[in-house]
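Heads up: the structure comes next, in structure tokens.
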Amino acid sequence: MPFRRGFKSQCERRSVEFRRTLGLQQHAALSADRLAAEIDVTVWSVEDVEGVSTEAVRVLVDEADPSWSALTMRVGPYHLIVYKPVSSVGRRNSVVMHELAHIILGHELASACILEDGSLVPGNFDQDQEDEADWLAGTLLLPRPTLMSIRQRGLSDDAACREHLVSLDMLQWRFRMTGVDYQLARRRVY
């Protein structure tokens with residue numbers, strides 16, 4: 001999807017600004033929980049939500065159900081992110097960061113309905129907003145300076161994923177989308 005002019009650069013600047021605000025170096029890992037606390041967003045696991053029946057929790061935490069991974073709600077003037085507990089720290093950090101990206105970008109919250117089988121279906125899905133949130137979340141987790149640092153320090157992909165709290169899929173996607181590996185390879189040629 002083509003983004004509006006300057007969007008990707010704006011994401012990089014926001015990543016740097018948030019790190020500066022949090023006292024982190026440009027290439028340091030950024031935890032979604034730490035960013036959520038900074039911008040006053042509450043983050044809960046489905047299991048933390050009171051009043052949800054045991055059966056509903058069982059359906060909502062089913063990792064085999066791809067219908068949802070996290071959602072954002074407004075509670076008065078505040079935002080609440082509820083995520084499906086997952087086994088991977090990197091995946092959890094990514095899905096929460098994706099929801100934070102929606103908030104940072106000022107996106108309209110989607111309405112949702114629950115089908116009889118327990119699947120969660122958005123009522124007003126907006127692909128452009130999803131693409132923007134994906135890009136900003138990826139940039140917040142792995143901005144260009146971080147990707148350059150990973151390669152310059154010779155970190156393995158597994159070590160980089162552990163250090164930056166991301167999944168291998170996210171790491172590979174960011175390297176592919178930013179062209180950092182291509183840029184570094186061209187430098188070696190010349």
Query raised in the report: Restricting attention to segment 48-91, which residues are under 17 Å from Asp134 (Cβ atoms) and in contact (Cβ under 8 Å) with a residue 60 or more places away in the chain?
Result: Gly90, Arg91
Query - Filter result (out of contact with any Ser or Thr (no Cβ under 8 Å at 6 or more places or on another chain), under 17 Å from Ala137 (Cα atoms), part of a helix (DSSP H, G or I) and among the small types (Gly, Ala, Ser)) within segment 33-73 - result: Ala37
Query raised in the report: Do you know which residues across segment 85-101 are polar (S, T, N, Q) and either assigned to a helix (DSSP H, G or I) or closer than 22 Å to Phe18 by Cα (or both)?
Result: Asn93, Ser94
Query - Unique residue being among the basic types (Lys, Arg), modelled with pLDDT of 95 or more and surrounded by fewer than 18 Cβ atoms within 10 Å (Cβ to Cβ) when the list is Arg174, Arg187, Arg162 - result: Arg162
**Report entry** segment 18-55, subset of a type in the set (D, E, K, R) and more than 17 Å from the chain's Cα centre (by Cα), residue surrounded by the fewest Cβ atoms within 10 Å (Cβ to Cβ)
**Finding:** Glu50
Query raised in the report: Does segment 74-84 hold any residues that are exposed (fewer than 12 other Cβ atoms within 10 Å of the Cβ) and either in a loop (DSSP other than H, G, I, E, B) or in contact with a Leu (Cβ under 8 Å, 6 or more places away or on another chain) (or both), and which are they?
Result: Arg74, Gly76, Pro77
Query raised in the report: Before we move on, is Gly23 on the phi > 0 side of the Ramachandran plot, modelled with pLDDT of 95 or more and not hydroxyl-bearing (Ser, Thr, Tyr)?
Result: yes
Query raised in the report: Of all residues in segment 138-190, how many are outside any helix (DSSP H, G or I), out of contact with any Asp or Glu (no Cβ under 7 Å at 6 or more places or on another chain) and closer than 25 Å to Phe7 by Cα?
Result: 5
Report task. State all residues of segment 86-100 that are at pLDDT below 90 and out of contact with any helix residue (DSSP H, G or I) (no Cβ under 6 Å at 6 or more places or on another chain); if no residue qualifies, say none. Result -> Ser87, Ser88
Report task. Working only within segment 56-86, note down all residues that are polar (S, T, N, Q) and more than 16 Å from the chain's Cα centre (by Cα). Result -> Ser67
Query raised in the report: Can you name the condition, by its number, that Arg4 falls short on among (1) of a type in the set (Lys, Arg); (2) touching a residue at least 40 places away in the same chain (Cβ under 8 Å); (3) assigned to a loop (DSSP other than H, G, I, E, B)?
Result: (2)
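The values are calculated or read from the model by the stated rules, or taken from the named source; none is laboratory data. In this text, all values refer to a predicted model and were calculated from it rather than measured experimentally. Reconstructed Cβ throughout: ideal geometry from the backbone, glycine too, with neighbour counts over all protein chains shown.
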